[in-house]
Amino acid sequence: MNTYGTYIEVEPGIELFVQDIGSGEPIVFIPGFTFTTEVFSKQVKHFSKTHRTIVMDPRSHGRSTGMTMSRMERISKRF
């Protein structure tokens, strides 16, 4: 699978890693808890021949960033 991708900033300091491979009708792969884009490597390799495949690392997984300390501090103050 193509390991090149891009990062999308979803809030200040938090970026999601996304790969966009192929062209045609899109298929989006989103891995479940504890998994990364690598879990779909065979599917992306197959479907990207005929489709645009989009796969992402969820927040705090793989190459995506997680919560910053300041964000965790703000959340913890709510409790």
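The values are calculated or read from the model by the stated rules, or taken from the named source; none is laboratory data. Keep in mind it's a predicted model, so treat the numbers as computed, not measured. So basically every Cβ, Gly included, is an ideal-geometry build from the backbone, and we count neighbours across all protein chains shown. We work out accessible area using only protein heavy atoms, side chains counted, and drop any ligands, DNA or RNA first. Shrake-Rupley method; radii C 1.70, N 1.55, O 1.52, S 1.80 Å.
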Taking segment 49-61 only, how many residues are touching a residue at least 40 places away in the same chain (Cβ under 8 Å) and open to solvent by less than 70 Å² (accessible area, probe 1.4 Å)? 3
Being under 16 Å from Thr6 (Cβ atoms) and touching a residue at least 40 places away in the same chain (Cβ under 8 Å) is the filter here, so list the residues in segment 19-47 that pass it. Val44
